[in-house]
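Remarks on the structure that follows.
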Amino acid sequence: MTSIPTDAADSSPKPRDRYWRSLDELHQNDGFINDYLNREFPVAASEFPEGVSRRRWMQIMGASLSLAGAAGCRYPTEIIAPFVVRPEGRLPGETYSRATNYELAGRVYNLAVTNVDGRPIKIEGNASHPGSRGGTDAYVQASILGLYDPDRGRGDSAALLKRDERGRYQSANWDEFDTYARSLVNVAASNGGASFAVLMSPTQSPSLARMISNLRERLPQMTLCRYDGVNGDVMRVATQQAIGTPCRQSLQLESARVILSVQADILGTDPGMVRNARGFSETRNPDQEMSRLYVVEGGYSNTGVMADTRLSMRPSQMLAFLGELERQIDALTAATELDAAPPERGFDELEPSEQLAAFLEVVAADLRNGGENAVVVVGESLGADAVAAGIRINSKLGSLGRLQRFLPVADRDLGETVALPELVQRLNSGRIETLVILGDNPAFTAPGDVRLGDAIARAENSIYVGEYHDETSVRCSWSVPQSHPLESWGDCVGDDGLYGVCQPQILPLLGGRCAIEVLARMLGEDDTA
């Protein structure tokens, strides 16, 4: 705001034609004159300890801020003492390898871990294992960083945390947790477990599946929710629809002569990609008859880069594409041979509709001629109906059970499960009083329209078993540290159907427990073997 000149006709600048910083300045109050005009600095700015000059005070404060900033840029130094008693014959600083297996994001890896003085430092594939034959990927190699991640810490004095009456986390010990968890199971057993729920990811661990089965025997009416935030449950639904039992896919590409991939990144990100890449590479020897790879996808992928012929298509049209492909394969006879005559125009010179027609004609004939040596792989992102259509085509070609195999999942006998939205509905209605979450931070990975985090807070008792104090942990009343796969015992069944043992490479750094041991403590079982 500004002052208004008294003489509107006189437009020359006046001393009062300026902005006021406040109403106190306009009215020239005593507070404005004494506190601002007559003081060089604001209140308390010129008040220093006796004997300290302004210059010296600024130097001290500047140095303090600099030191505080430098200290906050790094984590405190920690000492890792791997051996209390060094094994006989072990030389300090020497490297050695130990075999192990573990499951990560729905994939089972067969690994050889390099260690120094009891500390894992490098992960590679186990070349002696028939399931991987030395293959691995960037995800599992990077997982070793999580073992030494300082953010896994759950507190200054203890790793096990519980929420007090004021809603703040405080340290706890395992004896307190054992008493608390067993009391929850005993109370829930009084009504058959109708108020008890477990939220977990799909697992290939027979031992974990056995512990869930033991819990279900104690609580036959408990709610079990199986949610996969990475791959979903499309393959389970599709195999249940096509085969009659939930299974997981295993491809034998080393025997394939013709491969059609429909929105499936079998060489890049799909489960079994390590094994698939190894098998596919064996059929690409230029000195022999090479396999042919056809790819239909909506975006570029590692598999599309390796394709002999790639067709770009919207995912919404791929189900119709599979239907037309199946119809053309049915129309062909076993005597039909692929026309080897060169086309009049190159494939890139055709119109999109002509490209689609030519692609379908060539692929259908090539697949039909390939017979049991041809396979169609459909990505799970297209839905269960599309995956079931691919299984049906392979059955007609004769490659189902040969190139495309399906192995029963380890947790197929856990009984009835509910979807994540149904679990949220039961939590919001108050039907579930106790919720146990086994890792994977579902409050963060859940779909945006499923308010799982708010629903968890409604449960009277909630236990989260996870590696980090994350979005799910802050909603639960107990935060139980989960050990890293390299520091916990376990087991898993690989893509080849072979049973493998997960053995620790190091003692738990933060006193964590695996999900199998936590469930054993809840049931009061001492032996989980």
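The values are calculated or read from the model by the stated rules, or taken from the named source; none is laboratory data. The model shown is predicted, which means the values in this text are computed figures rather than measured ones. Note: ideal-geometry Cβ built from the backbone for every residue, glycine included; neighbour counts use all protein chains shown. Side chains are part of the model used for accessible areas, which takes the heavy atoms of the whole protein and leaves out ligands, DNA and RNA. Shrake-Rupley method; radii C 1.70, N 1.55, O 1.52, S 1.80 Å.
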message: On the basis of being over 22 Å from the mean Cα position of the chain (by Cα) and either among the polar types (S, T, N, Q) or open to solvent by 20 Å² or more (accessible area, probe 1.4 Å) (or both), does G524 make the cut?
response: yes
statement: Checked G466, G453, G448, G439 against criteria (in contact with a strand residue (DSSP E or B) (Cβ under 7 Å, 6 or more places away or on another chain), on the phi < 0 side of the Ramachandran plot and not polar (S, T, N, Q)); the one match is G466
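Confirm whether L322 is farther than 30 Å from A188 by Cβ, assigned to a helix (DSSP H, G or I) and in contact with a strand residue (DSSP E or B) (Cβ under 8 Å, 6 or more places away or on another chain).
Spelling it out, L322 is indeed farther than 30 Å from A188 by Cβ, assigned to a helix (DSSP H, G or I) and in contact with a strand residue (DSSP E or B) (Cβ under 8 Å, 6 or more places away or on another chain).
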- prompt: Within region 261-288, how many residues are over 12 Å from L403 (Cα atoms) and either over 21 Å from the mean Cα position of the chain (by Cα) or of a type in the set (A, V, I, L, M) (or both)?
  reply: 17
statement: E354: passes all of (1) in contact (Cβ under 8 Å) with a residue 40 or more places away in the chain; (2) over 26 Å from S462 (Cβ atoms); (3) open to solvent by 40 Å² or more (accessible area, probe 1.4 Å) but (1)
field: Residue match in region 91-112 (condition: modelled with pLDDT under 85 and open to solvent by 70 Å² or more (accessible area, probe 1.4 Å))
entry: yes
- line: Counted residues in region 503-524 being in a loop (DSSP other than H, G, I, E, B) and closer than 29 Å to N126 by Cα come to 11
Residue in region 326-346 that is among the basic types (K, R), open to solvent by 20 Å² or more (accessible area, probe 1.4 Å) and at pLDDT 90 or above present: yes
- prompt: Within the group G135, G118, G131, which residue is over 20 Å from the mean Cα position of the chain (by Cα), buried (at least 16 other Cβ atoms within 10 Å of the Cβ), under 29 Å from R86 (Cβ atoms) and in contact (Cβ under 8 Å) with a residue 60 or more places away in the chain?
  reply: G118
A515 being surrounded by fewer than 20 Cβ atoms within 10 Å (Cβ to Cβ), more than 26 Å from D117 (Cβ to Cβ) and among the small types (G, A, S): no
- request: Taking V501 as meeting all but one of (1) in contact with a helix residue (DSSP H, G or I) (Cβ under 9 Å, 6 or more places away or on another chain); (2) modelled with pLDDT under 90, write down the number of the exception.
  value: (1)
task: Report yes if L509 is of a type in the set (A, V, I, L, M), modelled with pLDDT under 95, open to solvent by 60 Å² or more (accessible area, probe 1.4 Å) and under 26 Å from V234 (Cα atoms), otherwise no.
output: no
message: Between M306, M318, which is crowded, with 16+ Cβ neighbours inside 10 Å, at pLDDT 90 or above, touching a Phe, Trp or Tyr at 6+ places or on another chain (Cβ under 8 Å) and under 16 Å from S261 (Cβ atoms)?
response: M306
- request: Just give me the residues in region 361-382 being open to solvent by 20 Å² or more (accessible area, probe 1.4 Å), within 27 Å of V237 (Cβ to Cβ) and hydrophobic (A, V, I, L, M, F, W, C), in sequence order.
  value: L382
- prompt: Out of all the residues in region 402-419, is one or more among the basic types (K, R), under 30 Å from V258 (Cβ atoms) and in contact with a strand residue (DSSP E or B) (Cβ under 8 Å, 6 or more places away or on another chain)?
  reply: yes
- request: Count, please, the residues in region 46-68 that happen to be touching a helix residue (DSSP H, G or I) at 6+ places or on another chain (Cβ under 9 Å) and either of a type in the set (S, T, Y) or at pLDDT 80 or above (or both).
  value: 1
